[in-house]
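Asker: Please find one structure pasted underneath; my questions will follow.
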Amino acid sequence: MQINHVAPEGAGTFGDLKVKNADLEKIGREAHSLFEHLGREGKVANSSSNSAASNLKQQGFDLAAGLQHVSNRWEKQLGSLLDACAQISNHLHRTQSIHNGDEDYIRRTMSSIDTLDQGFDERVGKAGKPNPAYYGKPSEKKDD
């Protein structure tokens, strides 16, 4: 955000990054959904491979060691992928929360600046009368 000055020459040539909360939410939901789906289905596939490797070993097949190796690698890779999905989901959730907090802070700050500006703006009140933005609205006098 640039306030109260002109952008340097060449700035914005490639466009500005704009992200909406809806975009962050959608990406975060997809990452979480992928995490859940991979966690469920990936572990089932690995369990089947482990069972097959054990069965082949009991029957004396040399292929059992190779299948067990593949199953072990699958488990490590699946864990890495699940961690990555969880980190993406969590990061986007935190980013959205931080962004909302920043937006609220900017909105409050700008609002207080507007109120301060009104106190110095002669156009707010009539000439010769107190500025209502600074002094408040004049109270009505009651005759007794």
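The values are calculated or read from the model by the stated rules, or taken from the named source; none is laboratory data. Keep in mind the model is a prediction, meaning the values are calculated, not measured. Backbone-built Cβ (ideal geometry, glycine too); neighbour counts: all protein chains shown. To get the accessible areas, we keep the full protein, side chains included, count just its heavy atoms, and leave off ligands, DNA and RNA. Shrake-Rupley method; radii C 1.70, N 1.55, O 1.52, S 1.80 Å.
Asker: One residue is enough: does the stretch 91-112 have a residue meeting the conditions over 30 Å from Lys20 (Cβ atoms), open to solvent by 100 Å² or more (accessible area, probe 1.4 Å) and either at pLDDT 75 or above or charged (D, E, K, R) (or both)?
Answerer: No; the residues of the stretch 91-112 include none that is over 30 Å from Lys20 (Cβ atoms), open to solvent by 100 Å² or more (accessible area, probe 1.4 Å) and either at pLDDT 75 or above or charged (D, E, K, R) (or both).
Asker: Further, regarding this structure: Scan the stretch 124-137 and give yes if some residue there is modelled with pLDDT under 80, under 30 Å from Ala22 (Cα atoms), open to solvent by 100 Å² or more (accessible area, probe 1.4 Å) and not in a loop (DSSP other than H, G, I, E, B), otherwise no.
Answerer: Looking for residues that are modelled with pLDDT under 80, under 30 Å from Ala22 (Cα atoms), open to solvent by 100 Å² or more (accessible area, probe 1.4 Å) and not in a loop (DSSP other than H, G, I, E, B), one finds none in the stretch 124-137, hence no.
Asker: Residue by residue through the stretch 28-47, note down the ones that are at pLDDT below 85 and either of a type outside the set (D, E, K, R) or on the phi > 0 side of the Ramachandran plot (or both).
Answerer: Gly28, Gly42, Val44, Ala45, Asn46, Ser47 - these are the residues of the stretch 28-47 that are at pLDDT below 85 and either of a type outside the set (D, E, K, R) or on the phi > 0 side of the Ramachandran plot (or both).
Asker: In the stretch 56-74, what residues are closer than 17 Å to Ala45 by Cα and of a type in the set (Lys, Arg)?
Answerer: Arg73
Asker: If Ala7 satisfies all but one of (1) at pLDDT below 90; (2) part of a helix (DSSP H, G or I); (3) open to solvent by less than 50 Å² (accessible area, probe 1.4 Å), what's the number of the condition it fails?
Answerer: (2)
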